[in-house]
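Heads up, the thing below is written out as structure tokens.
The values are calculated or read from the model by the stated rules, or taken from the named source; none is laboratory data. Not measured: the values here are computed from a predicted model. Positions of Cβ are backbone-derived with ideal geometry, glycine not excepted, and every protein chain shown enters the neighbour counts.
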Amino acid sequence: MAETQVQLTDRAAERIAKILEKQPEGTVLRVAVSGGGCSGFQYEYNLVQESANEDDIVLQKKNATVLIDSLSLEFMQGAEIDFVQDLIGQSFQINNPNAVASCGCGTSFAV
């Protein structure tokens, strides 16, 4: 499999690490792409207590561990996972160069 091009920003890694501190040991964040949302695909964020599967990509930075399955990686190649705080609130955002359209809230996209 090609080397992953998904990047985790320092802000995202710090926020994920802070969330994981409050979880049982061995908990990681799994990011996946699934069908749905108003634009066709949506991102799912799940805290799970599991080891990486054989086909998972593992991102580790600043005490944060993120797992992405190989199917989701096909939709996320070259993406950047960020954490943003603005007037509307705070959220994880994925800046995905493969997305040709996205909804107003940024949680779903089309390829």
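Quick check on segment 17-56: of everything there that is surrounded by 17 or more Cβ atoms within 10 Å (Cβ to Cβ), over 11 Å from the mean Cα position of the chain (by Cα) and within 15 Å of L73 (Cβ to Cβ), which residue is modelled with the highest pLDDT? Here the answer is D56.
In segment 1-75, counting only strands (runs of 3 or more DSSP E) that sit wholly within it, the ones holding 2 or more residues that are more than 20 Å from N96 (Cα to Cα) span 27-35, 41-49. Within segment 76-91, restricting attention to residues that are at pLDDT below 90 and in a strand (DSSP E or B), the residue that is nearest to Q49 (Cα to Cα) is S91.
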